[in-house]
Amino acid sequence: GEPISDGIGTHANSRIAFRVPRGATRFRSVCAPDDGGAASPGTQTSIRFAVYLEKRPDRAHQAAQARAALGGELDAALALSETTDGAVFLIENASQLTMAVREAVEPKLRNHADLAVRALAGAAFPRKTTSGATLPPLDELAALEGNAAHGRELFRSAGTCSVCHTSNGLGGAIGPELTAIRSKYGARALIDAMLNPSAVIAFGYDSWTLTMDDGSVMVGSILVDGERVVLRDLAGRRQAVDAARIVKRSRQESSLMPDALALGLGAQELADLAAFMGQDPAREPAFGAPIALFGSAFEGWRFHLPGGDPAKTWTRDGEVLRCNGQPAGYLYTERKFTNFELTLEWRFDPSIAGNSGVLLRVQEPHNVWPLSMESQLNSGDAGDVWNIGQFPANADPARTSGRRTVKLMPSSERPLGEWNRYRIRCDRSTVTLEVNGVLQNVIPWCEELPGAIGLQSEGVPIEFRNAVVREILN
């Protein structure tokens, strides 16, 4: 409720570092949630933050650990492997480690919390078995049929690809952009790059190890090189240091991208990722035969109306489906749809502005209201999108407040009592809404899940007709 004229705005989880002036004895900071999130209906807001005072590590103790590790002491080597500086030291001196130490620290380094350490370890500690012994040969991997929808979810989750790369608007900007990578590489080359990321390192994305005058180590890509050196690490953090403080520079021959085996990806997962990156987001969809959703009676539909009688709430008048709005609930298709285009018409009573919605990719369990994406039908708001139950999706933050993403244009609805037409397309991860021929909303990423289509009963009478689905086949 108070205007803030000077400060830092950030999303959780975040890490903010302040360099406190030498001699300072007190540091004061004020933290608060912005009204845009805290005041949104139905949201819960809490803040948890911690303050850590950074102190220089005991370099003498670390140096002693390093000498002990090179001398074959396992405890010292394992202690070093827990920190980034210590892990990089072990990697750079891998050839001097005893076999027992190498075997002890190798799994620690391959699964280190710092992804850059994992990547460097993959080059310093060659695998005891070839990739062919762990995975099928490359040609067999490339011949596997990939599931692009699963590959998209791997890209943003277990595969950690989206930490560094952007594809079709999803991900970060640390590594090269991959939206058009299909025009350069086929499935075989893409899988090869995931297995051997160091084979071809894109210009500007090579990695360096910088040893500072205090013994600390920094790893990342050099963005600016001069009197001040700006380094970007694998988490995307940028750090600027005086070039005079750098006592040693080492260009790494390995990529900062961990290989597929270090990330725990199997054969099918590699094929799925390659299928996702091989998709053309600009392709024209190929449609199946039209499916009329309003057949005879209510064939193909089910009802979720807690405490209500479906026969009283929903009635048919020829080709028109009428809902009296009581009680709150919805009817939904028995059949589940994933990628499709839905067209339907609706109208409210001429004297009553109403509310309803079209539910997309409805997930079980059924309740009021289920996990889904709602295409809003509230009078004046048709074209808005409501995220129900935290359905996995990313919308334009400039148009999103809480669960609601408002439409792009002023209302294109016709006067009350007249028929309106929705065209809704769920195409892979993108959802688009048109109201009476006007593009009103685009959700650039929505999880690609099979689910029912639902129509809401939400307080006032509404009528529907001409509901037709065409599944997207490609």
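The values are calculated or read from the model by the stated rules, or taken from the named source; none is laboratory data. Note that this is a predicted model, so its numbers are computed, not measured. Using ideal geometry, Cβ is built from the backbone for each residue, glycine included, and neighbour counts are taken over all protein chains shown. To get the accessible areas, we keep the full protein, side chains included, count just its heavy atoms, and leave off ligands, DNA and RNA. Shrake-Rupley method; radii C 1.70, N 1.55, O 1.52, S 1.80 Å.
Observations on the model:
- Matching option when the condition is polar (S, T, N, Q) and in contact with a helix residue (DSSP H, G or I) (Cβ under 7 Å, 6 or more places away or on another chain), among Thr430, Thr405: Thr405
- Every pair of residues 6+ apart whose Cβ atoms lie under 7 Å, when the first sits in the stretch 15-36 and is open to solvent by less than 100 Å² (accessible area, probe 1.4 Å) while the second is not in a loop (DSSP other than H, G, I, E, B): Gly36/Ser401
- Scanning the stretch 206-221 for residues that are in a strand (DSSP E or B) and hydroxyl-bearing (Ser, Thr, Tyr) turns up Thr209, Thr211, Ser221.
- Residue check for Leu408: of a type in the set (A, V, I, L, M) and within 30 Å of Thr315 (Cβ to Cβ): no
- Complete set of residues in the stretch 452-474 that are within 21 Å of Gln279 (Cα to Cα) and either open to solvent by less than 30 Å² (accessible area, probe 1.4 Å) or part of a strand (DSSP E or B) (or both): Arg470, Glu471, Ile472
- Odd one out for Gln376 among (1) touching a Ser or Thr at 6+ places or on another chain (Cβ under 9 Å); (2) open to solvent by 40 Å² or more (accessible area, probe 1.4 Å): (2)
- Across the stretch 276-308, the qualifying residues are those that are assigned to a loop (DSSP other than H, G, I, E, B) and among the aromatic types (Phe, Trp, Tyr), and the one among them that is nearest to Glu334 (Cα to Cα) is Phe298.
- Residues of the stretch 414-446 satisfying the condition of being assigned to a loop (DSSP other than H, G, I, E, B), at negative phi and crowded, with 17+ Cβ neighbours inside 10 Å: Ser429
- Within the stretch 386-405, being open to solvent by 50 Å² or more (accessible area, probe 1.4 Å) and in a loop (DSSP other than H, G, I, E, B) holds for Gly389, Gln390, Asp396, Arg403.
- Test: residue in the stretch 220-241 that is surrounded by 11 or more Cβ atoms within 10 Å (Cβ to Cβ), among the charged types (D, E, K, R), modelled with pLDDT of 90 or more and over 31 Å from the mean Cα position of the chain (by Cα): yes
- Residue in the stretch 342-372 that is farthest from Cys426 (Cα to Cα), counting only those that are open to solvent by 10 Å² or more (accessible area, probe 1.4 Å) and part of a strand (DSSP E or B): Phe348
- In summary, Thr400 fulfils each of the numbered conditions (1) in contact (Cβ under 8 Å) with a residue 40 or more places away in the chain; (2) out of contact with any Lys or Arg (no Cβ under 7 Å at 6 or more places or on another chain) with the single exception of condition (1).
- Annotation: Gly451 fulfils all but one of (1) in contact with a Lys or Arg (Cβ under 6 Å, 6 or more places away or on another chain); (2) over 24 Å from Ala297 (Cα atoms); (3) not polar (S, T, N, Q); the unmet one is (2).
- Only one of Leu154, Leu144, Leu138 that is farther than 28 Å from Arg251 by Cα, open to solvent by 20 Å² or more (accessible area, probe 1.4 Å) and at pLDDT 75 or above: Leu144
- Taken over the stretch 298-321, the criterion of being at pLDDT 90 or above and open to solvent by 90 Å² or more (accessible area, probe 1.4 Å) is satisfied by Arg302, Lys312.
- Selection status of Arg425, among the charged types (D, E, K, R), within 26 Å of the chain's Cα centre (by Cα) and farther than 27 Å from Phe298 by Cα: no
- Residue that is farthest from Ala189 (Cα to Cα), among those in the stretch 270-290 that are out of contact with any Lys or Arg (no Cβ under 7 Å at 6 or more places or on another chain) and of a type in the set (A, V, I, L, M): Ala289
- When the stretch 278-300 is filtered for residues that are among the polar types (S, T, N, Q) and more than 33 Å from the chain's Cα centre (by Cα), only Ser296 remains.
- Candidates Leu449, Leu408, filtered to the one that is open to solvent by 40 Å² or more (accessible area, probe 1.4 Å) and more than 26 Å from Pro290 (Cα to Cα): Leu408
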